[in-house]
1. Kindly list, by first and then second residue, each pair from a residue in the stretch 6-31 that is more than 15 Å from Val86 (Cβ to Cβ) and without any contact (Cβ under 8 Å) to a residue 40 or more places away in the chain to a residue that is surrounded by fewer than 18 Cβ atoms within 10 Å (Cβ to Cβ) and not small (Gly, Ala, Ser), limited to pairs with Cβ atoms under 6 Å and residues at least 6 apart or on different chains.
Amino acid sequence: MKKFYFVGFLILLAFDTLAQVGFKLAATSTAPAALELSWLMKVVAEGWIYVAVAGYLGAFVTYMTLLKHAPIGPAFAATHLEIVTVSIVSYYFLGEVLTPVQILGGLFIVGGIVILACEKEKEEHQIESAAEKSLVDAL
């Protein structure tokens, strides 16, 4: 089941990142934004907007599937890795600049998710140990 979570969250992360980068590229291609029919037609004609929508739909389906099996806490926390992956992709492929504060924030996000995962693992181990002890006591 852990492999399912890991693969599922990687897929979710890929879809979320795809959606955000797709929106960034669509916005850049259709700039400057204006609430006018001509601008809306540019957006509809822009291919990246469809990549972004596909990313969001894929993320939605993946997240709903994961929530059937994964605990809500880790599932919700893992969705915040998208901020880190979008920043990294934007830095390497779109020429965005990462400030030290943004890098520190990304490290805090990753660190928090690692701590949450370790605590969840420890909690599961304690539950298994308690169940085994109860079984032994019952015999």
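The values are calculated or read from the model by the stated rules, or taken from the named source; none is laboratory data. Small disclaimer: the values here were computed from a predicted structure and weren't measured. Because the Cβ atoms are built from the backbone with ideal geometry, glycine has one as well, and the counts that use them run over all protein chains shown.
1. Thr30/Lys42; Thr30/Val43
Okay, residues lined up against (1) assigned to a helix (DSSP H, G or I); (2) in contact with a helix residue (DSSP H, G or I) (Cβ under 7 Å, 6 or more places away or on another chain); (3) at pLDDT 95 or above:
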{"position": "Thr28", "(1), (2), (3)": "yes, no, no"}
{"position": "Ala34", "(1), (2), (3)": "no, no, no"}
{"position": "Tyr56", "(1), (2), (3)": "yes, yes, yes"}
{"position": "Met64", "(1), (2), (3)": "yes, no, no"}
{"position": "Leu67", "(1), (2), (3)": "yes, yes, no"}
{"position": "Ala75", "(1), (2), (3)": "yes, yes, no"}
{"position": "Ile103", "(1), (2), (3)": "yes, no, yes"}
{"position": "Lys122", "(1), (2), (3)": "yes, no, no"}
{"position": "Val136", "(1), (2), (3)": "yes, no, no"}
